[in-house]
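Notes follow the structure.
The values are calculated or read from the model by the stated rules, or taken from the named source; none is laboratory data. The structure presented is a predicted model; accordingly, all values stated were derived computationally and were not measured. For neighbour counting, all protein chains shown are included, and Cβ atoms are generated from backbone atoms with ideal geometry for every residue, glycine included.
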Amino acid sequence: MAKRDPEVTRRNKEINALSEQIKAMLPEVLLLTGYRNEHSLNATYGGKYAEYIDIKNEVIDTPQQFRTLYFKGFLAVLEDVGRWAKTGNKYYDAFVHYRDQKLVREWLHLFLERTYLRKFDELSKVRPTVDEAIMWIGQENASYGILVAPRFRNGQWENDKSEIRRFKKTYWTIGHILETGLVVPNENELIEFSDIDQYLTFFKNTLVRNSGSQHELEVAKRYCEFVRNSDDPERVPLLIPEFRYGGIEKKHEYRLDFTIINPYNMNKVGFELSPWSTHGALKGTKGKLQKDINAEALANFEKEMKKLKSYFRKFSISILVYTDTDLADPDELFNSMKEYLNVESNPKQLEFHAMEELLGFQGA
């Protein structure tokens, strides 16, 4: 049996308590406002939150912030109504009830708090922007896309923008890839994975092995072991291989060996494995002047630095570079990467949680 999340238990307990208060107020609130029934009342007030708040982009931390945004949106609508803001206008009438009746205010505050708690995961979760919600990975002739809400439209893959915030899994984790699979560019085809082992096999033997880098393969092996040994494998961040700077374009300038996105704040870090043999060594130097050799070495160095700067400027990815000394010990190398995989949610601590903790204190 799955272990219950104590945060969800606390939240449900508070939702039930709020529901009891709201139910007790309901008859008098209906009498004061003149609405026919609870459904009409809820539709007039609570059902408007998506109209008053930009829920596609706002990340809402607390019930208080939710109410604040609601009231700001309510005011903005009233101001837009202009000269029609008078008796008989549904927005104005709702406002008058709220302004003039203390019990209506109390009811609405509780109602909005309950709405927020019911939709806490959806409203409080940091979400990728529309531009961030798609990544193209892989080699030139073996590329794939990772999306959040993939749909095939007009011959191309795209995200259903309205579904990005509703995504049930934790973004950019093993659970994410099990939910969405990988898309095939320009084809209405998905590569889906029935379980974690199937994905990890594809990750190691197809996505990473095709790079031809033994260093990357050693990292991939250790990542697979790390995921399998995790207490909650689906919540482990993806180790994203070969992130393509040019996206879906067949010819593009750069690929990044590995990328990890923190699913709780969307911070990105890249890992570049740079052995001297492929990133610095010069060939055919016999007979060349030292100044020419130096010029070639400088060009190689500047190319590597341009790559790092380009990823940071375009995608806000900070990149860690591992050279031969680091690559000599694959275990130590992966250990240094694990801190970016051992991330945990830093849930927004709601005030009812703190209150419950305090009330549960027992003295000596």
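Report yes if some residue within the stretch 272-292 is at pLDDT 90 or above and buried (at least 16 other Cβ atoms within 10 Å of the Cβ); otherwise report no. The answer is yes; a qualifying residue exists.
Among the criteria (1) assigned to a helix (DSSP H, G or I); (2) touching a strand residue (DSSP E or B) at 6+ places or on another chain (Cβ under 7 Å), the one Pro241 does not fulfil is (1).
Comparison of Tyr91, Tyr35 shows that the only residue that is assigned to a loop (DSSP other than H, G, I, E, B) and either in the same structural domain as Asn262 (by TED's automatic domain parsing) or of a type in the set (Ser, Thr, Tyr) (or both) is Tyr35. Test Arg127 against the stated conditions and say whether it is at pLDDT below 95 and closer than 24 Å to Ile317 by Cα. It is true that Arg127 is at pLDDT below 95 and closer than 24 Å to Ile317 by Cα.
Of the residues making up the stretch 40-62, at least one is farther than 22 Å from Arg165 by Cβ, assigned to a helix (DSSP H, G or I) and more than 34 Å from the chain's Cα centre (by Cα). The set of residues in the stretch 1-32 that are acidic (Asp, Glu) and in a helix (DSSP H, G or I) comprises Glu7, Glu14, Glu20, Glu28. Each residue in the stretch 98-120 was checked for being out of contact with any Leu (no Cβ under 7 Å at 6 or more places or on another chain) and not β-branched (Val, Ile, Thr), and 14 of them qualify.
Results for (1) on the phi > 0 side of the Ramachandran plot; (2) assigned by TED's automatic domain parsing to the domain that holds Tyr264; (3) under 23 Å from the mean Cα position of the chain (by Cα); (4) surrounded by 13 or more Cβ atoms within 10 Å (Cβ to Cβ), shown as yes or no for each residue.
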{"residue": "Val183", "(1), (2), (3), (4)": "no, no, yes, yes"}
{"residue": "Ile196", "(1), (2), (3), (4)": "no, yes, yes, yes"}
{"residue": "Asn210", "(1), (2), (3), (4)": "no, yes, no, yes"}
{"residue": "Arg228", "(1), (2), (3), (4)": "no, yes, yes, no"}
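Would you mind stating whether Glu132 is more than 17 Å from Glu187 (Cα to Cα), touching a residue at least 40 places away in the same chain (Cβ under 8 Å) and not assigned by TED's automatic domain parsing to the domain that holds Glu58? So Glu132 passes the test. Scanning the stretch 143-167 for residues that are over 22 Å from Phe315 (Cα atoms) and in contact (Cβ under 8 Å) with a residue 60 or more places away in the chain returns a single hit, Ser162.
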